[in-house]
Amino acid sequence: MQIDTVTLRELRIPLVAPFTTSFSTQTARTLVAVEVAARVDGAEVIGWGECGALAEPVYSEEYAAGAMDVTERFLLPRLALAQRDGALTAETAAAHLEPIVGHRMAKAALEAALLDAQLKASGTSFGTYLGVTRDRVPSGVSVGIQDSIPALLDVVGRYLDEGYQRIKLKIQPGWDVEPVRAVREAHPEIGLQVDANAAYTLVDAAHLRRLDAFDLLLIEQPLAEDDLRQHAELARAMSTPMCLDESVVSAASAADAIAMGAAAVINIKPSRVGGYLESRRIHDLARAAGIAVWCGGMLETGLARGANAALAALPGFTLPGDISASSRFYERDLTTPFVIEDGHIAVPTFPGLCEQPSADALAGFEATSRSIPVT
Ligand code: OSB
Ligand code: MG
């Protein structure tokens with residue numbers, strides 16, 4: 001393919017309600033949307049990608065403005081060089097970008113836009129490209145830290161009424177055993193799991209073991225991103241299955257975590273690991289190792305929510321993902337909103353990774369934009 005222009009837009013989209021985790025309270029999603037104008041086999045086509053980076057470097061070291069900068073300054077020039085030989089495809093982009101260290105979310109957004117352009121050019125859906133066999137995936141929801149336990153029970157009850165098939169509670173020191181106990185007592189049968197976003201240390205092991213009483217599906221990332229060995233130690237001390245999010249940034253780190261016994265389950269977030277193609281490799285190696293995976297999220301808009309659903313339709317995704325309806329986060333999405341039906345989200349059948357976003361919605365949410373010729 002030949003890229004002509006890349007337009008980077010920083011968007012700020014209000015959330016339906018504040019989303020509080022151990023690292024921040026977000027009231028809006030600030031994100032970078034990547035639009036690639038390209039030619040594939042002579043046909044002009046537009047591809048879209050969404051960058052998972054948040055406004056601030058609090059989940060990982062990436063942040064939206066930084067992703068825009070690294071894309072313009074370092075990633076696009078490398079793709080420009082690569083395409084001079086006519087060798088650029090979505091599948092080779094990651095190799096061309098490999099000399100740039102890190103910045104996986106920025107790379108993932110660019111790769112997604114190239115893949116979207118390529119698949120739109122051939123009229124192929126992402127699910128077909130991946131070879132999935134399911135046409136819908138069970139929908140889970142991530143519930144932020146609330147002001148009180150009654151407020152939490154109210155929010156959880158409403159999500160269950162909407163049909164969500166499993167509930168993930170964000171936890172942090174001071175908001176863990178009691179909220180989890182309250183939800184478990186109110187709903188003895190539901191699929192329930194917790195996510196600490198690295199808010200604990202191994203010193204908290206005895207306290208975290210108290211969560212073993214609540215029949216949780218898993219505990220996600222209790223310790224710091226680089227604490228693989230300590231996660232392995234904590235995993236041995238708890239009966240709740242250990243799941244990693246932040247620590248797994250590549251197939252290589254997934255292989256290490258599995259070998260060390262640091263992960264019984266892996267949250268695959270396409271943005272965190274550098275894209276959908278690396279996500280599939282992690283899925284493949286985890287499946288071969290007998291490790292369950294599920295698809296995590298970064299409050300995706302319609303530019304990426306459907307692609308996450310397609311990925312999650314691969315056979316190794318045996319646990320419900322954080323793939324909720326658009327309405328979980330947004331009153332107005334950039335594309336046709338994704339809806340929950342009978343507890344599931346449909347795997348899209350449109351060509352590419354996403355629908356063409358609404359020009360009105362883009363304009364309404366746009367903070368800044370830059371169009372960069374790629375020559
Ligand atoms: O840890 O999974 C996480 C959102 C932002 C950053 C980190 C996380 C999350 C979520 C939301 O839990 C998941 C979603 O997009 O539905
Ligand atoms: Mg997480």
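The values are calculated or read from the model by the stated rules, or taken from the named source; none is laboratory data. No experiment lies behind these values; they were computed from the predicted model shown. Backbone-built Cβ (ideal geometry, glycine too); neighbour counts: all protein chains shown.
Regarding region 217-229, can at least one residue be identified that is in a helix (DSSP H, G or I), crowded, with 22+ Cβ neighbours inside 10 Å and either more than 16 Å from ligand 1 (Cβ to nearest atom) or in contact (Cβ under 8 Å) with a residue 12 or more places away in the chain (or both)? Outline the logic, then answer.
At the first step, the residues of region 217-229 found to be in a helix (DSSP H, G or I) are 228-229.
Add one more test, that the residue is crowded, with 22+ Cβ neighbours inside 10 Å, and what stays is none.
Looking for residues that are in a helix (DSSP H, G or I), crowded, with 22+ Cβ neighbours inside 10 Å and either more than 16 Å from ligand 1 (Cβ to nearest atom) or in contact (Cβ under 8 Å) with a residue 12 or more places away in the chain (or both), one finds none in region 217-229, hence no.
Let me confirm something: among 140, 157, 144, 163, which residue is more than 21 Å from residue 49 (Cα to Cα) and surrounded by 23 or more Cβ atoms within 10 Å (Cβ to Cβ)?
140 is the lone residue from the list that is more than 21 Å from residue 49 (Cα to Cα) and surrounded by 23 or more Cβ atoms within 10 Å (Cβ to Cβ).
Which pairs have Cβ atoms under 9 Å, sit 6 or more apart or on different chains, and link a residue in region 184-198 that is farther than 17 Å from residue 171 by Cα to one that is of a type outside the set (Asp, Glu) and within 16 Å of ligand 2 (Cβ to nearest atom)?
From residues that are farther than 17 Å from residue 171 by Cα, the pairs are 187/167; 190/166; 190/167.
Kindly provide the set of residues from region 250-291 that are more than 24 Å from residue 97 (Cβ to Cβ) and either in contact with a Lys or Arg (Cβ under 6 Å, 6 or more places away or on another chain) or within 16 Å of ligand 1 (Cβ to nearest atom) (or both), ordered by number.
263, 265
Just for strands (runs of 3 or more DSSP E) wholly inside region 1-93: which have at least 1 residues that are touching a Gly at 6+ places or on another chain (Cβ under 6 Å) and in the same structural domain as residue 118 (by TED's automatic domain parsing)?
Of the strands (runs of 3 or more DSSP E) lying wholly inside region 1-93, those with at least 1 residues that are touching a Gly at 6+ places or on another chain (Cβ under 6 Å) and in the same structural domain as residue 118 (by TED's automatic domain parsing) span 2-20, 25-40.
Is there a residue in region 183-191 that is part of a helix (DSSP H, G or I), farther than 23 Å from residue 19 by Cα and more than 16 Å from ligand 2 (Cβ to nearest atom)?
Among the residues of region 183-191, at least one is part of a helix (DSSP H, G or I), farther than 23 Å from residue 19 by Cα and more than 16 Å from ligand 2 (Cβ to nearest atom), which makes the answer yes.
Looking for something of a type outside the set (Lys, Arg), free of Cβ contacts under 8 Å to residues at least 12 places away in the same chain, surrounded by fewer than 20 Cβ atoms within 10 Å (Cβ to Cβ) and part of a helix (DSSP H, G or I) - is there at least one such residue anywhere in region 258-272?
Looking through region 258-272, at least one residue is of a type outside the set (Lys, Arg), free of Cβ contacts under 8 Å to residues at least 12 places away in the same chain, surrounded by fewer than 20 Cβ atoms within 10 Å (Cβ to Cβ) and part of a helix (DSSP H, G or I).
Quick one: which of 202, 244 is within 16 Å of ligand 2 (Cβ to nearest atom) and in contact (Cβ under 8 Å) with a residue 24 or more places away in the chain?
Exactly one of 202, 244 is within 16 Å of ligand 2 (Cβ to nearest atom) and in contact (Cβ under 8 Å) with a residue 24 or more places away in the chain, namely 244.
Please specify each residue of region 234-244 satisfying the condition of being touching a Gly at 6+ places or on another chain (Cβ under 9 Å) and in a helix (DSSP H, G or I).
Once the filter is applied, which keeps residues that are touching a Gly at 6+ places or on another chain (Cβ under 9 Å) and in a helix (DSSP H, G or I), region 234-244 yields 235, 236.
Does residue 299 satisfy the criteria of being modelled with pLDDT of 95 or more, on the phi > 0 side of the Ramachandran plot and either within 15 Å of ligand 2 (Cβ to nearest atom) or in a helix (DSSP H, G or I) (or both)? So that I can check it myself, show each step before the final result.
Details: modelled with pLDDT of 95 or more: yes; on the phi > 0 side of the Ramachandran plot: yes; either within 15 Å of ligand 2 (Cβ to nearest atom) or in a helix (DSSP H, G or I) (or both): yes.
Against the criterion (modelled with pLDDT of 95 or more, on the phi > 0 side of the Ramachandran plot and either within 15 Å of ligand 2 (Cβ to nearest atom) or in a helix (DSSP H, G or I) (or both)), residue 299 qualifies.
Every residue in region 284-309 that is crowded, with 24+ Cβ neighbours inside 10 Å and either of a type in the set (D, E, K, R) or under 20 Å from residue 133 (Cβ atoms) (or both), please.
Answer for region 284-309, where residues must be crowded, with 24+ Cβ neighbours inside 10 Å and either of a type in the set (D, E, K, R) or under 20 Å from residue 133 (Cβ atoms) (or both): 286, 293, 294, 295, 300, 305, 306, 307, 308, 309.
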